[in-house]
Amino acid sequence: MLSRFEGVAAELEPVDESWSSALAIVAHPDDLEYGTAAAIARWTAQGKRISYCLATSGEAGIDGLPPEECGPVREQEQRASAAIVGVDVVEFLGYADGVLEYGLPLRRDIARAVRRHRPDVVITGNYHDTWAPGTLNQADHIALGRAVLDGVRDGANRWVFRELLDEGLPPWPAKQVLVAGGTQVTHAVDVSEHFDTGVASLEAHGVYLAGLGAHAMAEPREFLESIARATGSRLGVTFAVGFEVIDF
């Protein structure tokens, strides 16, 4: 999920877009739609190949819907949302929502996904403890994000998780991780032409948004616009999505 508190800060540099494929790895359905999806819509429109990998099905995300009913609904909404921004490959790793743990199994599954998809770039969400001073991040986001950073490294090292070699998955060195939002944003992508598509992708999570009820942060367009406009002012455009860029 994109940072809720970009604030006034230094100007941002444009993200280097000289790549052709990406794998987006996040914890829950809707994590990418809180801002990042507009950037993904821009990139698929450029002809880039992007796939989604989600650690959980978000089955603990709707208080009024039992997990066994919620999971399939949220998977369906995620696939519909992904299609709106030009993504047709959406995978779920099957970890339990709300209790995701950083550890070797998660790192292995991320390394496996990187080796299978062979992306130039990996996209993930904020792995820092907070969104802004005094605003805690969610535990699954932290665990997943940190596992992504290590799993990308593991994916390039043939001597880590050697069983992946037996699965016919040789090492794959992704060049970069783009971390959406958080407290260390240094770069951004102009999404002015794709902002509406990003809003539509969040609105596709209709059951989830309705289930938030009083906990909803804001109407989707209003919420996304407040962040994208603030980030855009730092890039010198109308709307933008911010990223922390980590090179490998």
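How much FRET efficiency would the formula 1/(1 + (r/R0)^6) give for ALA132 and GLU193, where r is the Cβ-Cβ distance and R0 is 25 Å, rounded to 0.05?
On the way: r = 28 Å, r/R0 = 1.12.
Plugging the Cβ-Cβ distance into 1/(1 + (r/R0)^6) gives 0.35.
Please sort 117-127, 134-144 by packing, taking for each peptide the average over its residues of neighbouring beta carbons within 10 angstrom, highest first.
In descending order of packing, they fall as 117-127, 134-144.
Could you work out the local net charge near SER192, counting Lys and Arg as +1, Asp and Glu as -1, over the other residues with Cβ closer than 13 Å to its Cβ?
That works out to -2.
HN-Hα J couplings of region 200-210 from phi, Karplus 6.51/-1.76/1.60, θ = phi - 60°, integer Hz, Gly and Pro as x?
4, 5, 6, 5, 5, 8, x, 5, 5, 4, 5
Does region 106-248 classify as rounded, prolate or oblate by the C-alpha gyration tensor (a ≥ b ≥ c root eigenvalues; a/c under 1.5 gives rounded; else a/b over b/c gives prolate, otherwise oblate)? Display every interim value, and only then the final one.
On the way: a/c = 2.07, a/b = 1.77, b/c = 1.17.
Taking the square roots of the gyration eigenvalues as a ≥ b ≥ c, region 106-248 is prolate.
For the pair TRP19 and GLU203, how long in nm is the line joining their label points, each one 7 Å along Cα→Cβ?
3.0
For region 42-47, just list the computed ³J(HN,Hα) in residue order, Karplus coefficients 6.51, -1.76 and 1.60, θ = phi - 60°, integers in Hz, with x standing in for Gly and Pro.
Coupling constants for region 42-47: 4, 5, 5, 5, 7, x Hz.
Tell me the relative contact order for region 1-103 as a rounded percent, counting alpha carbon contacts under 8 Å between residues six or more apart.
29 percent.
Collect residues whose amide H, placed 1.01 Å from N in the peptide plane, falls under 5 Å from the amide H of VAL122; neighbours closer than 5 in sequence don't count.
Amide H neighbours of VAL122, under 5 Å, 5+ apart: LEU23, GLN176, VAL177, LEU178.
Counting each pair of different Cα atoms once, what's the Kirkwood radius of the chain in Å, rounded to one decimal? Before the final figure, lay out the partial values.
Values: mean 1/r = 0.0559 Å⁻¹.
In the chain this quantity evaluates to 17.9 Å.
The numbers here are math on the coordinates, done by the rules we state, and not lab data. Since this is a predicted model, take the numbers as computed values, not measurements. In this analysis, Cβ positions are derived from the backbone assuming ideal geometry, glycine residues included, and neighbour counts consider all displayed protein chains.
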